[in-house]
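Structure first, then comments.
The values are calculated or read from the model by the stated rules, or taken from the named source; none is laboratory data. This is a predicted model, so every value here is computed, not measured. Glycine gets a Cβ as well: all are built from the backbone with ideal geometry, and neighbour counts include every protein chain shown. These accessible areas exclude ligands, DNA and RNA; they are computed on the full protein's heavy atoms, side chains included. Shrake-Rupley method; radii C 1.70, N 1.55, O 1.52, S 1.80 Å.
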Amino acid sequence: MKKREVWASRVGLIFAAAGNAIGLGNLLRFPSKVALYGGGAFMIPYFVALFLLGIPLLVLEWVIGRYAGSKGHGSMTGIMGSLFHHANWARVLGSIGVAIPFLIVCYYIYIESWTLGFAVLSIFGQLPHPVDSTDPKTAMQPYVDFFKSYTEPSYLAIVFLIITLAVNWYILQRGVVKGIELTAKVGIPALLLMGIFLAIVSLSIRGGKGLEGLLFIYTPDFSRISDPQVWLEASGQIFFTLSLGMGAIATYASYVKAREDVLKTGLWTAGLNQFVEVVIGASIAIPAAFAMFGALAVPELAKEGTFRLGFMSMPAVLMALPLGWLLSAVWFFLLFIAALTSSLALTQPLIALFEDEMRWSHKKAVNVSMLMVSVGAFLSAFLPGFIDEVDFWAGTFMLVFFALVEIIVFVWIFGVHKFHHELTRDVFLKVPKPLVYFFAIVSPIFLVILLYQWGVVQAPKVLAQGGLDVTVARMFIIATLVFLAFIAIESRRRYLSGPHL
């Protein structure tokens, strides 16, 4: 059996792992949530959730990924199996952790293609001309109409979807080191530079009016602290921003060197992600909108969601500035790099499943994986309700469910002593065992609350919806789960009969 790849350098590993976490949520979702849920007061539950939910789950996946990678497993199917003598139940349960990132990338990669398309169209001056108005609805209307016509989908949308799929396909075909790591080494520094540049531009609009916008969204409204919804939103944001509960972190961790300090790497990754979110993400879209349209417009724009903020509000602001076409292109290329590094990470667990468990060649594993992703991407493009349905079940409910499963299986069933031993192996800081017990009790409480909110409160509303798009989406989700469960069982025979690392 061919030896598994390992990351060539720690810097490359950190950038790749950060690229997994850094995405559209950092640059669009986070500032909207801060503006809507108490400004600076939102940051209190945000950092509480980061400490009690985010960091523990992040470290857990890094530790378990390193452990399983040393045994030749990079997908949650193999990781779960390796802990329980490859019992069928464990492998099938682990296959959920492969299904989640696959289902998410199916629609995420279509949205990623929008960012590439809008970047290229900005360069060639094909975005609408700005309307000189302080009324946000009037100023954004040309961009609202353009966005709707582009995503119908238009001919251009399909062309850029194909290009985006090809870019991901090519990078993944080059492997972990020459593909994903090299892309991250170039992409993440470029993302940081573009983000800082746009933050400076946004904060300086109209003589520093944008800076007032940053102060506006961070002005604390402590009356919101007692609102349970604020705590749910803050916890949910931590969950999304660190890519928890989807197995992608563990897959990346499986490619580390045997003595890699995964605790240090995980903390560096989290720190870089939080910098992009709390500093850069908060300093671009909302401050720019504040400067152009005023304080009263900010909550309304935040309510409209990430798509409107990113694809309609920001072009309306940037195109009205000198060299607006260039600023718009930088903005959308920033979003594209953030999305690209995430889509690579979301696809890799499926590739690892086929490579490590089915014993396929890398080329075959990538080709089959990307063909599957392409099917989901085109369904996302042509069925308008497909994205929302898959996003709820895979991008919300299943994430929380599987994160809870990870804590139960990897800490409690696997054993606190065994987990603590693996956690304290070759790390710069020896975490005391009582702290493991503390997080293993407190973190699930957060997850149960989130699971109740999304599974008990929101799920019935989602299930009440109907239509062809929704039906196809649900069938696609079920077919994915069944297929990957079958692969989990079939690959067990292949793995046990073949050579081991």
| field | Members of the stretch 337-354 that are farther than 15 Å from Gly25 by Cβ and either open to solvent by 10 Å² or more (accessible area, probe 1.4 Å) or not in a helix (DSSP H, G or I) (or both) | value | none
| remark: For helices (runs of 4 or more DSSP H) lying entirely in the stretch 1-73, having 2 or more residues that are among the β-branched types (Val, Ile, Thr) and surrounded by fewer than 24 Cβ atoms within 10 Å (Cβ to Cβ) picks out 10-21, 43-49, 55-69
| said: Return the residues of the stretch 166-183 that are free of Cβ contacts under 8 Å to residues at least 60 places away in the same chain and either of a type outside the set (D, E, K, R) or not in a helix (DSSP H, G or I) (or both); say none if nothing qualifies. | reply: Ala166, Tyr170, Arg174
| In this structure, is Phe84 open to solvent by less than 50 Å² (accessible area, probe 1.4 Å) and at pLDDT below 95? | yes
| So which pairs qualify, if the first residue must be in the stretch 210-223 and within 14 Å of Leu296 (Cα to Cα), the second must be buried (at least 17 other Cβ atoms within 10 Å of the Cβ) and of a type in the set (D, E, K, R), the Cβ gap must be under 9 Å, and the two must be at least 6 apart or on different chains? | none
| Do you know which residues across the stretch 307-330 are at pLDDT below 95, assigned to a helix (DSSP H, G or I) and either open to solvent by 10 Å² or more (accessible area, probe 1.4 Å) or of a type in the set (Phe, Trp, Tyr) (or both)? | Phe307, Arg308, Phe311, Met312
| Selection from the stretch 232-284 of residues that are assigned to a helix (DSSP H, G or I), open to solvent by 10 Å² or more (accessible area, probe 1.4 Å) and at pLDDT below 90 | Leu232, Glu233, Phe240
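Condition (residue is assigned to a helix (DSSP H, G or I), surrounded by fewer than 18 Cβ atoms within 10 Å (Cβ to Cβ) and either in contact with a Leu (Cβ under 9 Å, 6 or more places away or on another chain) or touching a residue at least 40 places away in the same chain (Cβ under 8 Å) (or both)) applied to the stretch 128-137: is it met by at least one residue?
From the stretch 128-137, those assigned to a helix (DSSP H, G or I) are 136-137; that's our starting set.
This time we only want the ones that are surrounded by fewer than 18 Cβ atoms within 10 Å (Cβ to Cβ), so: 137.
The next check asks that each one be either in contact with a Leu (Cβ under 9 Å, 6 or more places away or on another chain) or touching a residue at least 40 places away in the same chain (Cβ under 8 Å) (or both); those that pass are none.
Scanning the stretch 128-137 turns up no residue that is assigned to a helix (DSSP H, G or I), surrounded by fewer than 18 Cβ atoms within 10 Å (Cβ to Cβ) and either in contact with a Leu (Cβ under 9 Å, 6 or more places away or on another chain) or touching a residue at least 40 places away in the same chain (Cβ under 8 Å) (or both).
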| query | Just a yes or no: is a residue in the stretch 421-436 at pLDDT below 95, open to solvent by less than 40 Å² (accessible area, probe 1.4 Å) and over 30 Å from Ala68 (Cα atoms)? | reply | no
| query | Looking at this structure, is Gly78 over 23 Å from Gly236 (Cα atoms) and not hydrophobic (A, V, I, L, M, F, W, C)? | reply | yes
| message | Looking at Ile123, Ile200, Ile109, can you tell me which residue is open to solvent by less than 60 Å² (accessible area, probe 1.4 Å), β-branched (Val, Ile, Thr) and at pLDDT 95 or above? | response | Ile109
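Here is a check on your reading of the model: is Pro142 open to solvent by 20 Å² or more (accessible area, probe 1.4 Å), more than 30 Å from Phe414 (Cα to Cα) and out of contact with any Leu (no Cβ under 7 Å at 6 or more places or on another chain)?
On the way: open to solvent by 20 Å² or more (accessible area, probe 1.4 Å): yes; more than 30 Å from Phe414 (Cα to Cα): yes; out of contact with any Leu (no Cβ under 7 Å at 6 or more places or on another chain): yes.
Against the criterion (open to solvent by 20 Å² or more (accessible area, probe 1.4 Å), more than 30 Å from Phe414 (Cα to Cα) and out of contact with any Leu (no Cβ under 7 Å at 6 or more places or on another chain)), Pro142 qualifies.
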| message | I'd like to know if the stretch 458-473 contains one or more residues that are under 26 Å from Asp261 (Cβ atoms), in contact with a helix residue (DSSP H, G or I) (Cβ under 9 Å, 6 or more places away or on another chain) and of a type outside the set (Lys, Arg). | response | no
| query | What are the residue pairs meeting all of these: first residue in the stretch 456-478, first residue in contact (Cβ under 8 Å) with a residue 24 or more places away in the chain, second residue open to solvent by 40 Å² or more (accessible area, probe 1.4 Å), Cβ atoms under 7 Å, and 6 or more apart or on different chains? | reply | Ala459/Phe397; Asp469/Pro384; Val472/Leu379; Phe476/Leu379; Ile477/Trp393
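Does Ala377 count as buried (at least 20 other Cβ atoms within 10 Å of the Cβ), over 18 Å from Thr251 (Cα atoms) and in contact (Cβ under 8 Å) with a residue 24 or more places away in the chain? Before you say what the answer is, go through the steps one by one.
Values: buried (at least 20 other Cβ atoms within 10 Å of the Cβ): yes; over 18 Å from Thr251 (Cα atoms): yes; in contact (Cβ under 8 Å) with a residue 24 or more places away in the chain: yes.
For Ala377, the condition - buried (at least 20 other Cβ atoms within 10 Å of the Cβ), over 18 Å from Thr251 (Cα atoms) and in contact (Cβ under 8 Å) with a residue 24 or more places away in the chain - is met.
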| message | Can you tell me which condition Phe216 does not meet? The list is (1) open to solvent by 10 Å² or more (accessible area, probe 1.4 Å); (2) at pLDDT below 90; (3) closer than 24 Å to Gly455 by Cα, and all the others hold. | response | (3)
